[in-house]
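**Student:** Can you read through this structure? Questions will come right after.
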Amino acid sequence: MIALPQAPRRRLGAWRMSNTVFGGFVILVLFYPWVLRSDYALGAAITVGTMAIATVGFVLLIGYAHQLAIGQAVFCTIGGYGSALLTSRAHWDPLPAMLAAMIGAMAVAYLIGRPILRLRGFVLAMASLALQLIVGFVAIQWESFTGGAIGIDGVPKFAILGWMVDSDIQFFYLVWALVALTVLIGLNIDRSRIGRELKAIAGSERAAASVGINLASLKVQMFVLSAGTASVGGSLLVHYLRVMEPNAFGFQYSLNIITAVVIGGLSSIWGGVLGAGIIVGLREALRLTSAPLLEGIVMGALTVAVLLLFPNGVAGAVARLYRARLPAPPSHSPQAGAEYPAEPVTVNPDQAYLAVDGATRRFGNLVAVDDVGFTVACASITALIGPNGAGKTTLFNMISGDQPLDGGRIVFAGERIDRLAAHEVARRGIARTFQNLELFENLTLVENVMCGQARHLRSGIGAILAMLPRVRREEATARDAAERALEFVGLGGQGARAPGTLSFGHQRLAEMARALALEPSLVLLDEPASGLNDTETEELADLILRIRARGITVLLVEHDVRLVMGLADHVVVMNYGKKIAEGPPALVREDPEVLRAYLGA
Amino acid sequence: MDLATFAQFALSGLTTGCVYALVAIGFVLCANVSGIVNFAQGEYVMVGGIVTAGLASLAVPLPVAILVAVFLGGVFGFLQERVTVAPVRRAPMFLQATVALGVAVVIQSAALIVWGKDPYGLSGFVGDDVFVLLGAYLPLQALFVWGATAAFVGAAFYLLKFTELGRAIRAVAINPGAATMMGIKTGRMSMLVFAASGAAGALAGVVIVPITSASWDSGLEFGVKGFTGAIIGGFHSPFWATAAALGLGVLESLAAGYVSSEAKDIVTYGVLLAYLMIRGGAFLRGRRVVASTGGH
């Protein structure tokens, strides 16, 4: 293997491509008013720009956080009224007014997003619609404040620190500079740990939680960010039109935002810009051909058709064309024989590390786990075995935080963890693998493993948006760690591959590497040998021993009794939800009740 | 408090609540059996109402108009499932929901093109007389609304609880994988449920149109309110969805009567928002199975 120690860490092709695209975009914007010298073209471009600011933010929400908000335009309404009221009534300068409105919109998004995004799935969609209907209603009814159905006119032109944005051309540049800024923010998030972690959530929510990614908090961040951009888009359009009325950003505008992002491309930041252009163009075309009645049906049908046929929209189609021409990215291969984690975990070996006490879980009348208790010693290998349906996996999921307890407690390193959510359990240093492999198919191997580093990354969304240098340093460290973890499990140099291109056995190893990237003190392995052939099982046993040698405690659920007996220091046997035996393998093997459970007597 | 006034508000609320209930059942059935939150659910109410009133205005006999409207609701539901639900069965939930939203827009805009912007009214099935109940004056049409809702809900419960087909549908809702292995055709159940939900929505539209009239954009409101009922009912049980939707109708009407007619919509949407915020925030700290969907 050719070692490339100094090889660039980033996927070079993708990086260069997005820089080229951004450069092209800037040139296009700079020359647009001078090539198309018409007021109509300029006005249309301003309309597109104000919408694009909202749609780029919406891409982050729907395409990255996978949350649909049907009433997104409510944040444009907040921005619009905020700017209109603060400038025309309170005589604020437009810039601080816009920023204040933006902060207001983000605060509203945070207030409703934080509780609601903890619920599963689709509820934000309707919640945002309800919010939009309420705000629209209040705007019309509260006449003394909002001007009622007539709205607020006399909104001043935009000005920055006293410099009046006088002409349409100046306003065009202002709007598109902000589009460019929004795009930069979006691209920055896409390339950061947040982008990676959002993709991980899209790949498998369960696995994402298992490496310590806080799903709800990332979704809230994207919702708040998208609300902020929508608000700015709303403010700018109001300064352009010089009036704000309640229907300016109604349900129709919400639908336009959704349709724009769907057509432009959900999974690309550029999809927001493309989509805004396409939607405004389409709407103008229908208006010019005097077929405005067709607008709704064309938009609706396009939304459905694009999602069914090209779910990644125009941007996705373009990116696919480009990507096909790129050579496969070179993979970075570190020095051979890496130990991972570099510093062995040090804990007091006499202390009981994990203590399960009276754990109980019921499903209706069935008691899947019935008052089970055992302890796991530090740096030991403990195996949980039992016939099918014994409740092993349920108990396992109770420890990892995937299942609540109906009774009992679980203590890890002196702290109760039975009430913690899965990602909080992971953040305390408990890593796990899955019986049915839950790798993030939409990420490369090394990115998969980097997700395991989530709990060690300190830079939050603020640092990422500010492009602080330490963000880049941290990423490099995480990538190094991930590559060493891959090396440790025997997948060195494979980092650039897609998980789906690996053999089943190697995918299993990749999951082990991802779990190890947490630098955990306890790993939970859910039937690690299932689906492996004899050679692979031997390699696995060797790897588990090497993991323990790093000072990491191992708890595994396993069917392969031979593997368990050769490997484990301590065995816990379950049957019908109850613990029936516990002890060193040699003793458990002779236990009459265990024999009965396995042989059925 | 004056009983007659209270009854007046509560019973009119119950009447609109019936429409929300039929929409809510549709939401719950589609979500649990097909795994899709069908944001087009409310549009079927509009289809039922506007088709009946529209055909009646073209001098089509009322019973024929009603049958055509309900039948169309079923057919549209079926088509929606075949064309836009089955192909994305394995797609992420946000994508399925967005597709359903697109379908809602298509149905709405098609109605705008066919029937125009103006609302369609219709006189009551047996005239526009009123009757008195607990001191409240109610249009005779309300009896049709209650009757149709009771009939549909009753039939649905009988079907789900006591027939082979109902067991199959419930099996798919509980565990589609296992149901498939038992030889249940999940795709067929999904089709059936969508057709039934479409027909239920249309039926609601048919019986309510003499009271509220129908226009191309009236489906949205029924959709959000039916959804609110479904989510407060837990999104799993048609029974609780029905109960919650009826309660919502009553609550809304009381708010309109005792506070102001402007308060009506604010109350519903506020209830939805507040309910979701409390569900998500106050009672759900830490590890709990936070399920409110039929997503598999």
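The values are calculated or read from the model by the stated rules, or taken from the named source; none is laboratory data. What you are looking at is a predicted structure, and each value in this text was computed from that prediction instead of being measured. Backbone-built Cβ (ideal geometry, glycine too); neighbour counts: all protein chains shown. Each accessible area value is taken on the protein alone, full model and side chains, heavy atoms only, with ligands, DNA and RNA left out. Shrake-Rupley method; radii C 1.70, N 1.55, O 1.52, S 1.80 Å.
**Student:** List, please: which pairs have Cβ atoms under 6 Å, are six or more places apart or on different chains, and start with a residue in segment A:404-429 that is more than 9 Å from every other protein chain (Cβ to nearest Cβ) and free of Cβ contacts under 8 Å to residues at least 60 places away in the same chain and end with one that is among the basic types (Lys, Arg) and surrounded by 19 or more Cβ atoms within 10 Å (Cβ to Cβ)?
**Tutor:** What qualifies is A:Asp406/A:Arg361.
**Student:** I would also like to ask the following. Residues being acidic (Asp, Glu) and over 28 Å from A:Asn19 (Cβ atoms): count how many of those fall in segment A:181-236.
**Tutor:** Selection size over segment A:181-236: 1.
**Student:** Within the group B:Thr228, B:Thr180, B:Thr242, B:Thr186, which residue is facing chain A (nearest Cβ under 10 Å) and polar (S, T, N, Q)?
**Tutor:** Step by step, each of B:Thr228, B:Thr180, B:Thr242, B:Thr186 is checked, and only B:Thr228 is facing chain A (nearest Cβ under 10 Å) and polar (S, T, N, Q).
**Student:** For the list (1) modelled with pLDDT of 90 or more; (2) in contact with a Lys or Arg (Cβ under 8 Å, 6 or more places away or on another chain); (3) more than 14 Å from chain B (Cβ to nearest Cβ), I need the number of the one condition that A:Gly154 fails.
**Tutor:** Among (1) modelled with pLDDT of 90 or more; (2) in contact with a Lys or Arg (Cβ under 8 Å, 6 or more places away or on another chain); (3) more than 14 Å from chain B (Cβ to nearest Cβ), A:Gly154 violates only (1).
**Student:** Something else about it: Please give the number of the condition A:Val138 fails out of (1) free of Cβ contacts under 8 Å to residues at least 12 places away in the same chain; (2) outside any helix (DSSP H, G or I); (3) open to solvent by 50 Å² or more (accessible area, probe 1.4 Å); (4) within 14 Å of chain B (Cβ to nearest Cβ).
**Tutor:** A:Val138 satisfies all of (1) free of Cβ contacts under 8 Å to residues at least 12 places away in the same chain; (2) outside any helix (DSSP H, G or I); (3) open to solvent by 50 Å² or more (accessible area, probe 1.4 Å); (4) within 14 Å of chain B (Cβ to nearest Cβ) except (2).
**Student:** So which residues in segment B:1-34 are among the polar types (S, T, N, Q) and within 14 Å of another protein chain (Cβ to nearest Cβ)?
**Tutor:** B:Asn32, B:Ser34 - these are the residues of segment B:1-34 that are among the polar types (S, T, N, Q) and within 14 Å of another protein chain (Cβ to nearest Cβ).
**Student:** Considering only segment A:311-334, I want to know if a residue exists there that is of a type in the set (Phe, Trp, Tyr) and modelled with pLDDT of 90 or more.
**Tutor:** Step one: list which residues in segment A:311-334 are of a type in the set (Phe, Trp, Tyr), which gives A:322.
Within this subset, residues satisfying the condition of being modelled with pLDDT of 90 or more are none.
No, every residue in segment A:311-334 fails to be of a type in the set (Phe, Trp, Tyr) and modelled with pLDDT of 90 or more.
**Student:** Do we find that B:Leu112 is farther than 25 Å from A:Asn312 by Cα, within 14 Å of chain A (Cβ to nearest Cβ) and either surrounded by 16 or more Cβ atoms within 10 Å (Cβ to Cβ) or touching a Leu at 6+ places or on another chain (Cβ under 6 Å) (or both) in this structure? Write out each step before concluding.
**Tutor:** Values: farther than 25 Å from A:Asn312 by Cα: yes; within 14 Å of chain A (Cβ to nearest Cβ): yes; either surrounded by 16 or more Cβ atoms within 10 Å (Cβ to Cβ) or touching a Leu at 6+ places or on another chain (Cβ under 6 Å) (or both): yes.
When the stated conditions are applied, B:Leu112 passes them.
**Student:** Moving on. So if I check each of A:Leu187, A:Leu133, A:Leu174, A:Leu178, which one is assigned to a helix (DSSP H, G or I), away from chain B (no Cβ under 14 Å) and touching a Phe, Trp or Tyr at 6+ places or on another chain (Cβ under 7 Å)?
**Tutor:** A:Leu174
**Student:** Also, I was wondering about something else. Taking segment A:63-89 on its own, how many of its residues are assigned to a loop (DSSP other than H, G, I, E, B), open to solvent by 20 Å² or more (accessible area, probe 1.4 Å) and touching a helix residue (DSSP H, G or I) at 6+ places or on another chain (Cβ under 8 Å)?
**Tutor:** Residues meeting the conditions: 1.
**Student:** How many residues, within segment A:293-309, are more than 7 Å from chain B (Cβ to nearest Cβ) and modelled with pLDDT of 90 or more? Give the steps one after another, and end with the answer.
**Tutor:** So in segment A:293-309, the residues more than 7 Å from chain B (Cβ to nearest Cβ) come out as A:294-295, A:298, A:302, A:305-306, A:309.
Next, only the ones that are modelled with pLDDT of 90 or more stay: A:298, A:302, A:305-306, A:309.
So the count comes out to 5.
**Student:** Then there's this: Determine which single condition A:Ala100 fails, assuming it passes every other condition in (1) away from every other protein chain (no Cβ under 14 Å); (2) surrounded by fewer than 23 Cβ atoms within 10 Å (Cβ to Cβ); (3) in contact (Cβ under 8 Å) with a residue 24 or more places away in the chain.
**Tutor:** Status for A:Ala100: all satisfied but (3).
**Student:** Which numbered condition trips up A:Asp357, out of (1) modelled with pLDDT under 65; (2) open to solvent by 40 Å² or more (accessible area, probe 1.4 Å)?
**Tutor:** Only one criterion is unmet by A:Asp357, namely (1).
**Student:** Inside segment B:216-246, can you point out the residues that are over 15 Å from B:Phe157 (Cβ atoms), of a type in the set (Gly, Ala, Ser) and at pLDDT below 90?
**Tutor:** Residue satisfying the conditions is B:Gly234 alone.
**Student:** Out of curiosity, is A:Ala125 among the aliphatic types (A, V, I, L, M) and closer than 16 Å to A:Gly233 by Cβ?
**Tutor:** Working: among the aliphatic types (A, V, I, L, M): yes; closer than 16 Å to A:Gly233 by Cβ: no.
Taking the combined requirement at face value, the residue does not satisfy it.
**Student:** I need a count of the residues in segment A:251-270 that are open to solvent by 20 Å² or more (accessible area, probe 1.4 Å) and either under 21 Å from the mean Cα position of the chain (by Cα) or over 26 Å from A:Asp190 (Cβ atoms) (or both).
**Tutor:** Residues flagged as open to solvent by 20 Å² or more (accessible area, probe 1.4 Å) and either under 21 Å from the mean Cα position of the chain (by Cα) or over 26 Å from A:Asp190 (Cβ atoms) (or both) within segment A:251-270 amount to 5.
**Student:** What are the residues in segment A:544-564 that are among the aliphatic types (A, V, I, L, M) and surrounded by fewer than 20 Cβ atoms within 10 Å (Cβ to Cβ), if any?
**Tutor:** Kept after step one, since they are among the aliphatic types (A, V, I, L, M), are these residues of segment A:544-564: A:544-545, A:547, A:549, A:552, A:554-557, A:561, A:563-564.
Across segment A:544-564, the qualifying residues are A:Leu545, A:Ala549, A:Val561.
**Student:** Check whether at least one residue in segment A:111-119 is within 14 Å of chain B (Cβ to nearest Cβ), more than 18 Å from the chain's Cα centre (by Cα) and not in a loop (DSSP other than H, G, I, E, B), and report yes or no. Give the derivation first.
**Tutor:** Step one: filter segment A:111-119 for residues within 14 Å of chain B (Cβ to nearest Cβ), giving A:111-119.
With more than 18 Å from the chain's Cα centre (by Cα) added as a condition, the list becomes A:111-112.
This time we only want the ones that are not in a loop (DSSP other than H, G, I, E, B), so: A:111-112.
Yes, segment A:111-119 has at least one match.
**Student:** So A:Phe440 clears everything in (1) hydrophobic (A, V, I, L, M, F, W, C); (2) farther than 16 Å from A:Ile194 by Cβ; (3) open to solvent by less than 10 Å² (accessible area, probe 1.4 Å); (4) part of a loop (DSSP other than H, G, I, E, B) except one condition, right? Which one?
**Tutor:** (2)
**Student:** Is it true that A:Arg287 is charged (D, E, K, R), open to solvent by less than 40 Å² (accessible area, probe 1.4 Å) and more than 9 Å from chain B (Cβ to nearest Cβ)?
**Tutor:** no
**Student:** Could you tell me which residue of segment A:109-126 is surrounded by the fewest Cβ atoms within 10 Å (Cβ to Cβ), considering only residues that are touching a residue at least 12 places away in the same chain (Cβ under 8 Å) and among the small types (Gly, Ala, Ser)?
**Tutor:** Top of the filtered list is A:Ala125.
**Student:** Find the residue count for segment B:35-55, including only residues that are away from chain A (no Cβ under 13 Å) and open to solvent by less than 30 Å² (accessible area, probe 1.4 Å).
**Tutor:** Residues in segment B:35-55 being away from chain A (no Cβ under 13 Å) and open to solvent by less than 30 Å² (accessible area, probe 1.4 Å): 11 in total.
**Student:** Here's a check for you: in segment B:69-96, which residue that is assigned to a helix (DSSP H, G or I) and in contact with a Ser or Thr (Cβ under 8 Å, 6 or more places away or on another chain) is nearest to the other protein chains (Cβ to nearest Cβ)?
**Tutor:** Looking at residues that are assigned to a helix (DSSP H, G or I) and in contact with a Ser or Thr (Cβ under 8 Å, 6 or more places away or on another chain), I get B:Met93.
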